[in-house]
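The values are calculated or read from the model by the stated rules, or taken from the named source; none is laboratory data. Just so you know, these numbers come straight off a predicted model, no measurement behind them. Note that we place each Cβ from the backbone using ideal geometry, even for glycine, and neighbour counts take in every protein chain shown. We work out accessible area using only protein heavy atoms, side chains counted, and drop any ligands, DNA or RNA first. Shrake-Rupley method; radii C 1.70, N 1.55, O 1.52, S 1.80 Å.
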Amino acid sequence: MTLRPVQMSDKTGGPGDDTSLLTKTRSKTQRPPLYKVMLLNDDYTPMEFVVHVLERFFGLNHAQAFEIMLTVHKKGLAVVGVFSFEVAETKVAQVMDFARRHQHPLQCTMEKE
Ligand code: TYC
(Lines give C-alpha, C1' and ligand atoms only; values in the text may rest on other atoms or scores of the structure.)
Protein backbone atom coordinates (compact mmCIF):
# COMPACT_ATOMS: atom_id res chain seq x y z
CA MET A 1 0.00 0.00 0.00
CA THR A 2 1.49 3.36 -1.07
CA LEU A 3 0.32 6.67 0.39
CA ARG A 4 0.31 9.29 -2.33
CA PRO A 5 -0.15 12.99 -1.44
CA VAL A 6 -2.55 14.78 -3.80
CA GLN A 7 -2.33 18.59 -3.93
CA MET A 8 -5.83 20.06 -4.03
CA SER A 9 -4.86 23.74 -4.16
CA ASP A 10 -2.15 25.89 -5.70
CA LYS A 11 -2.36 28.45 -2.87
CA THR A 12 0.30 27.03 -0.58
CA GLY A 13 2.31 28.60 2.18
CA GLY A 14 0.27 29.60 5.20
CA PRO A 15 -0.14 27.40 8.26
CA GLY A 16 -3.21 25.25 8.03
CA ASP A 17 -3.24 25.83 4.31
CA ASP A 18 -2.37 22.23 3.54
CA THR A 19 -5.26 21.00 1.43
CA SER A 20 -3.47 17.80 0.34
CA LEU A 21 -5.18 14.45 0.82
CA LEU A 22 -3.63 11.06 1.33
CA THR A 23 -5.13 8.67 -1.16
CA LYS A 24 -4.62 4.93 -0.99
CA THR A 25 -3.32 3.33 -4.17
CA ARG A 26 -4.17 -0.36 -4.14
CA SER A 27 -1.34 -2.33 -5.76
CA LYS A 28 -2.55 -5.83 -6.74
CA THR A 29 -0.10 -8.41 -5.43
CA GLN A 30 1.23 -10.38 -8.37
CA ARG A 31 1.77 -14.09 -7.81
CA PRO A 32 3.94 -15.89 -10.35
CA PRO A 33 2.07 -18.45 -12.48
CA LEU A 34 2.56 -22.09 -11.47
CA TYR A 35 3.01 -25.08 -13.73
CA LYS A 36 1.92 -28.68 -13.21
CA VAL A 37 4.51 -31.27 -14.17
CA MET A 38 2.88 -34.48 -15.36
CA LEU A 39 4.07 -37.97 -16.12
CA LEU A 40 2.33 -39.94 -18.88
CA ASN A 41 1.78 -43.68 -19.01
CA ASP A 42 3.17 -45.94 -21.72
CA ASP A 43 3.34 -49.71 -22.17
CA TYR A 44 7.13 -50.11 -22.13
CA THR A 45 8.85 -48.09 -19.41
CA PRO A 46 9.50 -50.40 -16.43
CA MET A 47 7.62 -49.51 -13.24
CA GLU A 48 10.88 -49.51 -11.22
CA PHE A 49 12.38 -46.96 -13.60
CA VAL A 50 9.43 -44.59 -13.10
CA VAL A 51 9.67 -45.00 -9.32
CA HIS A 52 13.39 -44.18 -9.54
CA VAL A 53 12.69 -41.07 -11.63
CA LEU A 54 10.15 -39.82 -9.07
CA GLU A 55 12.59 -40.36 -6.19
CA ARG A 56 15.55 -38.85 -8.02
CA PHE A 57 14.04 -35.74 -9.64
CA PHE A 58 11.03 -34.98 -7.45
CA GLY A 59 12.41 -35.82 -4.00
CA LEU A 60 9.66 -38.32 -3.21
CA ASN A 61 10.19 -41.19 -0.81
CA HIS A 62 9.78 -44.73 -2.11
CA ALA A 63 6.15 -45.13 -0.95
CA GLN A 64 5.07 -41.78 -2.47
CA ALA A 65 6.93 -42.54 -5.70
CA PHE A 66 5.36 -46.00 -5.98
CA GLU A 67 1.87 -44.57 -5.37
CA ILE A 68 2.21 -41.88 -8.07
CA MET A 69 3.70 -44.40 -10.52
CA LEU A 70 0.66 -46.67 -9.95
CA THR A 71 -1.72 -43.71 -10.48
CA VAL A 72 -0.05 -42.94 -13.82
CA HIS A 73 -0.16 -46.64 -14.76
CA LYS A 74 -3.90 -46.91 -13.98
CA LYS A 75 -5.21 -43.48 -15.00
CA GLY A 76 -2.88 -42.60 -17.86
CA LEU A 77 -1.24 -39.59 -16.23
CA ALA A 78 -0.71 -37.83 -12.91
CA VAL A 79 0.56 -34.50 -11.66
CA VAL A 80 3.85 -35.13 -9.90
CA GLY A 81 4.45 -31.58 -8.71
CA VAL A 82 3.66 -27.88 -9.15
CA PHE A 83 6.52 -25.43 -9.74
CA SER A 84 7.54 -22.06 -11.15
CA PHE A 85 8.04 -22.03 -14.94
CA GLU A 86 11.82 -22.36 -14.73
CA VAL A 87 11.82 -25.21 -12.20
CA ALA A 88 9.08 -27.08 -14.11
CA GLU A 89 11.02 -26.68 -17.37
CA THR A 90 14.17 -28.04 -15.73
CA LYS A 91 12.35 -31.07 -14.23
CA VAL A 92 10.77 -31.94 -17.59
CA ALA A 93 14.13 -31.66 -19.36
CA GLN A 94 15.89 -33.78 -16.69
CA VAL A 95 13.26 -36.55 -16.86
CA MET A 96 13.11 -36.58 -20.67
CA ASP A 97 16.90 -36.69 -20.94
CA PHE A 98 17.22 -39.45 -18.31
CA ALA A 99 14.52 -41.56 -20.03
CA ARG A 100 16.10 -41.06 -23.46
CA ARG A 101 19.55 -42.04 -22.16
CA HIS A 102 18.03 -45.28 -20.81
CA GLN A 103 16.05 -45.79 -24.04
CA HIS A 104 12.65 -45.70 -22.36
CA PRO A 105 9.72 -43.90 -24.02
CA LEU A 106 8.63 -42.22 -20.75
CA GLN A 107 7.02 -38.81 -21.39
CA CYS A 108 6.98 -35.86 -19.00
CA THR A 109 5.12 -32.62 -19.77
CA MET A 110 4.17 -29.34 -18.11
CA GLU A 111 1.00 -27.26 -18.22
CA LYS A 112 0.04 -23.89 -16.72
CA GLU A 113 -2.07 -24.46 -13.60
N1 TYC B 1 2.72 -48.89 -17.77
C2 TYC B 1 4.09 -49.20 -17.45
C3 TYC B 1 4.24 -50.71 -17.31
O4 TYC B 1 3.27 -51.41 -17.17
C5 TYC B 1 4.56 -48.51 -16.17
C6 TYC B 1 4.56 -47.02 -16.27
C7 TYC B 1 4.08 -46.26 -15.22
C8 TYC B 1 5.09 -46.37 -17.39
C9 TYC B 1 4.11 -44.87 -15.26
C10 TYC B 1 5.12 -44.97 -17.45
O11 TYC B 1 4.69 -42.86 -16.42
C12 TYC B 1 4.64 -44.23 -16.38
N13 TYC B 1 5.49 -51.18 -17.32
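Just subtract the alpha-carbon distance of Leu34 and Glu111 from 0.36 nm times their residue separation and send over the number in nm, one decimal.
In short, 26.9 nm is gained.
Multiply the residue gap between Gln64 and Gln103 by 0.36 nm, knock off their C-alpha separation, and tell me the result in nm, one decimal place.
Result: 11.6 nm gained on full extension.
Carbon-plus-sulfur fraction of the accessible area of region 22-113, 1.4 Å probe, in percent? Let's see the in-between values first.
Numbers: 3370 of 6360 Å².
That fraction is 53 percent.
Which FRET efficiency value, to the nearest 0.05, is calculated for Phe49 and Thr25 with the Förster distance at 35 angstrom and r the Cβ-Cβ distance?
Approximately 0.05, to the nearest 0.05.
Excluding residues fewer than 8 places away in the same chain, name every one of the lysines whose C-alpha is closer than 28 Å to that of Lys24.
Leaving aside lysines fewer than 8 places away in the same chain, those within reach of Lys24 are Lys11.
Tabulate in residue order the Karplus-calculated ³J(HN,Hα) for region 25-30, using 6.51 cos²θ - 1.76 cosθ + 1.60 with θ = phi - 60°, rounded to whole Hz; enter x for Gly and Pro.
Running phi through 6.51 cos²θ - 1.76 cosθ + 1.60 with θ = phi - 60° gives 9, 7, 9, 4, 6, 9 Hz.
Roll a 1.4 Å probe over the protein heavy atoms and report the accessible area of Asp43 in Å², nearest 10.
Surface open to solvent at Asp43 totals about 130 Å².
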